[in-house]
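This is the structure I want to talk about, given as structure tokens.
The values are calculated or read from the model by the stated rules, or taken from the named source; none is laboratory data. Please read all numbers here as calculations on a predicted model, not as lab measurements. Heads up, the Cβs are rebuilt from the backbone with ideal geometry, glycines too, and the neighbour counts pull from every protein chain shown. We work out accessible area using only protein heavy atoms, side chains counted, and drop any ligands, DNA or RNA first. Shrake-Rupley method; radii C 1.70, N 1.55, O 1.52, S 1.80 Å.
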Amino acid sequence: MSIAFLFPGQGSQRPGMLHRLPDTTASATVLAEADMALRELDVPGGIAELDTPDALGSPVAGHTALLVAGVAGARALAEDEGLSPLLVVGLDAGGYAAAVTAGVLTFEEALRAVRLRGELLERGLPPGHVAVRLAQHLATVGRRPQALPWVSTVLGRCLHDDTNAVFDDLAQSAARPPRLPALAAAMTGEGAAYVLELPPGRVLADRAGEEMPGLRVVSVEEHGIADAAVLARGGDPSAVPEDEPADPSLAGEGWDAATGRYLAGGWGGGA
């Protein structure tokens, strides 16, 4: 299928994001797995309090919530709708959910890595130092073959059968924000025509016309799993309306349309 799964990163998080996930068996399973893993890490409240306004004041909780939302959405599409992507791309912290979907990280490995990323940013370390620490951590993780091609946000091209390069991309993305036009060119070069923006929100769908020419970007959260799957299978595009979302909060926070980057500031200096 000519479809990419795109996992949003910093700037898309907001209170209640995990409570808006698809109401499917696959999504519920991911939430249960996350809750168990968080409790094993002695995280108070587990998954239930991860997306509260107070919790999301911390990059650690925000990163964790983005991972859970992305993996839950991808599994719902795959297991409940039978939809397999042509490739994956993850923006900054969203790369860890993309890595799980591509098969190079387990959910537990991604959880530990993304929480480390959040902790380092919360401590105010420079982005370059965060990238080095993440590279050191990922060097201890076992390598698995890629199940799906990976569009590098650092290199602006697609990686095939190169897990080491994927891990380098995950680390370096902490210091090098993505540029959507280069990613769009890489995706279309691999044959992608449609992009499903995984939960949460629709930050990227709103910018598609300006920043991702040649691609149709659909927010899974806004339109729902079923409509997204219809479009991805080549159904009538009119089945997925292009109206503005009823809930303005779906637009997320922190996106700079002028630069095609997430804004620097409260979520780790724009990394």
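Could you state the per residue volume, in Å³, of the convex hull enclosing the Cα atoms of segment 100-176?
Here the figure is 74 Å³ per residue.
Using a Gaussian network for the chain with springs between C-alpha atoms less than 10 Å apart, which of these wobbles most: GLY46, GLY103, GLY142?
Of GLY46, GLY103, GLY142, the most mobile in the Gaussian network model is GLY142.
Only loop residues by DSSP count here, and only those with at most 16 other Cβ atoms within 10 Å; note down the trypsin sites (Lys or Arg not before Pro) in segment 178-232 that meet that.
ARG179
When the accessible area of the chain is split by element with a 1.4 Å probe, what percent falls to carbon and sulfur?
51
Then there's this: Kirkwood hydrodynamic radius, computed over distinct alpha-carbon pairs, for segment 47-103: how many Å, to one decimal?
It is 12.0 Å.
Given springs between every Cα pair under 10 Å in a Gaussian network model of the chain, which of HIS19, HIS223, HIS63 has the largest fluctuation?
HIS19
Could you give me the radius of gyration and the Dmax of segment 3-44, taking only the C-alpha atoms into account and expressing both in angstrom?
Both quantities, over Cα of segment 3-44: 12.6, 38 Å.
Are there any trypsin sites (Lys or Arg not before Pro) in segment 78-172 that are in a DSSP loop and have at most 16 other Cβ atoms within 10 Å? List them by number.
For trypsin sites (Lys or Arg not before Pro) across segment 78-172 that sit outside H, G, I, E and B with at most 16 neighbouring Cβ atoms in 10 Å, the list reads ARG123, ARG143, ARG157.
Now for a separate question. Before rounding to the nearest 500, sum -39500 (n - 2.57) across all DSSP H runs of length at least 4 in the chain and divide by the residue total; then give [θ] at 222 nm in deg cm²/dmol.
-12000 deg cm²/dmol
Let me ask something else about it. Only bridges with both residues in the chain count here: give the DSSP antiparallel percent, nearest 5.
The antiparallel fraction comes to roughly 25 percent.
Continuing with the same structure: In Å², what does the accessible area per residue of segment 88-127 work out to with a 1.4 Å probe?
Using a 1.4 Å probe on heavy atoms only, each residue of segment 88-127 averages 27 Å².
Please work out, to two decimal places, the log10 of the ratio I(q)/I(0) at q = 0.12, 0.25 Å⁻¹ from a Debye calculation in which every Cα of segment 1-86 carries one identical scatterer.
-0.36, -1.25
Restricting attention to the alpha-carbon atoms of the chain, what are Rg (one decimal) and Dmax (integer), both in Å?
16.7, 48
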